[in-house]
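All remarks here apply to the structure that follows.
The values are calculated or read from the model by the stated rules, or taken from the named source; none is laboratory data. These numbers were taken from a predicted model, which means no experiment stands behind them. Backbone-built Cβ (ideal geometry, glycine too); neighbour counts: all protein chains shown.
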Amino acid sequence: MKQILNETNMNYAEKCFKEAIDLGINFKINQKVKNKIFDKNMLNQLLEVPINGSEPLKVMEEFKKQILPYCTNFSNVNFMGFPDAGNSISGILGALIADLLQQNLINSSFCAPIATFTEIAVIKWLREIIGYEIKPIKNIWNVGGIITYGGTGSNTTAMLLARENHNTKTMTEGVYNPKDYKVIIPKGIGHYSIKGSLMWIGCGDNVIEVETVGFKYNLSKLKETLIENRGKIMCVVVYVGDSRTMTIDNLTGVYELVKSIDSNIWLHADACHGFSLAFSKKLRKKIKGIELYDSISTDPHKVLAIPYCISALLIKNPEKMKLITSTSDLIMQEDFAYGQITPFIGSKSWVSLKLWFAMKSLGVAGIGKMIEKRCDLATYLKKLIIKSENFVLLNDVNINSVVFMYVGNKNNINDVKYLNDLNLKIYNYLLNEGKYYLHKFSLSDDKGIIKKDATLSPLRYMSGNDNIREKDINEMLNHIIEVAKEIENE
């Protein structure tokens, strides 16, 4: 039987795995972002239940023909919408090994002894790099962080911690009045995971959006909101590189303001993107003050070229994890059983091994240079856009996000509807063409570049691909100009 790995079919298994690795490598170096566009009308053929199976290599051939051509290549240099390149050799190596070794980090003594301690090491490295105080680690309560499967999981756990810090009885008694568990976020740039997590943990849709200036908190408005809702705010969320403009907020200023009004309010830094600056001696000053925050979410799969999915939630005071502990005789009550402090996760794969391999391979200095290079490329694109007559820049380039709109000869620069329609057409053209990918979303014109507070539909460059060069950025801008002119002439 060629389905279960054993000594008898080891050679066949090696052939299957080699075929898969060759497929993956060839896919990642492919010259297009996407080769074919999937038509939803083709869905029915995927829905048929496979009654009679085939051996793995035959299934692989079917996969190559029916699935692979429609996959998006995040590792292509023309994929410029997200930073999640996933092309780290050491990161992929860790992912392959982790899946082969099948360690379960719910218990330490028999499920994952060495895996548990390498994960603890990775979390300690991140805490040290970010600037948290490091104390001796004698048990799971001294670690000060957990590995999750994404930023949403990390942010949700942070909100759970904020809820329990606000009222330590909710784990057992529940939430009686959700309106007493409010969370403040900056208006227009908040990540969906905060609102979602509050509803998931029983606090309802009680997000308060506070006005921003340049995509940072308006501190006067924040102060008014804190005073008006005194005693009912459980958390203030600050973005260390928000998911739209990648703006870094005034970390120290927000911290000092919030704690001066209510020292018990939990301060959470969503640094899924911006934590990466801590690896660079040159750039880490941009996130000064992050070490003051009660919790920090990080996403190595976003910014370190590591394949999906790995996120880490770091906690300033490790003992606070006791607030959200749940016990079961299925989880060992032992010093290093991670299952005691990982909400929403039972059995957990060794996803941190990807980060362990990457950090061991590159070192802090190597990662720092990688981050600096991508920030330099974003600055290069920013300068091109500022010089160009065809584009306008909408954000301050703090990290690696460049938000812009095509405006042509600028005769229509104040016509919001016309520019939104044009840029949406450009986006859809690129999407169907498959040669490039730039992200799109709605964004309030906080800075008044086109029309103050108007809702815009810009394009967004943001890349974490270490293969991108200035030449690629030049070609991308030129291609957009060609596409835009073609659309305008229709």
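With the requirement that a residue be in a helix (DSSP H, G or I) and more than 24 Å from H268 (Cβ to Cβ), what does the range 318-355 give you?
Hits for the range 318-355 are L353, K354.
For I123, state whether it is under 16 Å from E319 (Cβ atoms), assigned by TED's automatic domain parsing to the domain that holds G346, of a type in the set (V, I, T) and assigned to a helix (DSSP H, G or I). Considered against the rule, which asks whether it is under 16 Å from E319 (Cβ atoms), assigned by TED's automatic domain parsing to the domain that holds G346, of a type in the set (V, I, T) and assigned to a helix (DSSP H, G or I), I123 comes out as yes. Filter the range 28-56 down to residues that are in contact with a helix residue (DSSP H, G or I) (Cβ under 7 Å, 6 or more places away or on another chain), hydrophobic (A, V, I, L, M, F, W, C) and surrounded by 13 or more Cβ atoms within 10 Å (Cβ to Cβ), then give me how many there are. Total satisfying the criteria: 1. The set of residues from the range 380-417 being among the aromatic types (F, W, Y) and either at pLDDT below 95 or surrounded by 18 or more Cβ atoms within 10 Å (Cβ to Cβ) (or both) comprises F391, F404, Y406.
Of N432, N420, all but one fail to be in a helix (DSSP H, G or I) and either buried (at least 16 other Cβ atoms within 10 Å of the Cβ) or in the same structural domain as Y192 (by TED's automatic domain parsing) (or both); the exception is N420.
Only helices (runs of 4 or more DSSP H) wholly contained in the range 156-238 count here; list those with 1 or more residues that are in contact with a strand residue (DSSP E or B) (Cβ under 6 Å, 6 or more places away or on another chain).
Once the helices (runs of 4 or more DSSP H) in the range 156-238 are filtered for at least 1 residues that are in contact with a strand residue (DSSP E or B) (Cβ under 6 Å, 6 or more places away or on another chain), what remains is 192-200, 219-228.
Looking at F17, F82, can you tell me which residue is in contact (Cβ under 8 Å) with a residue 40 or more places away in the chain and either under 24 Å from I473 (Cα atoms) or not assigned by TED's automatic domain parsing to the domain that holds L355 (or both)? After applying the criteria, what remains is F82. Looking across the range 373-394 at every residue that is in a loop (DSSP other than H, G, I, E, B) and out of contact with any helix residue (DSSP H, G or I) (no Cβ under 9 Å at 6 or more places or on another chain), the one that is farthest from H273 (Cα to Cα) is identified as E389.
Whether any residue in the range 336-354 is surrounded by fewer than 23 Cβ atoms within 10 Å (Cβ to Cβ) and either within 23 Å of A278 (Cβ to Cβ) or free of Cβ contacts under 8 Å to residues at least 60 places away in the same chain (or both) is what I want to check. No, because not a single residue in the range 336-354 is surrounded by fewer than 23 Cβ atoms within 10 Å (Cβ to Cβ) and either within 23 Å of A278 (Cβ to Cβ) or free of Cβ contacts under 8 Å to residues at least 60 places away in the same chain (or both).
Of the residues making up the range 266-317, those that are in a loop (DSSP other than H, G, I, E, B) and touching a His at 6+ places or on another chain (Cβ under 9 Å) are C272, Y293, D294, D299, P307, Y308, C309, I310.
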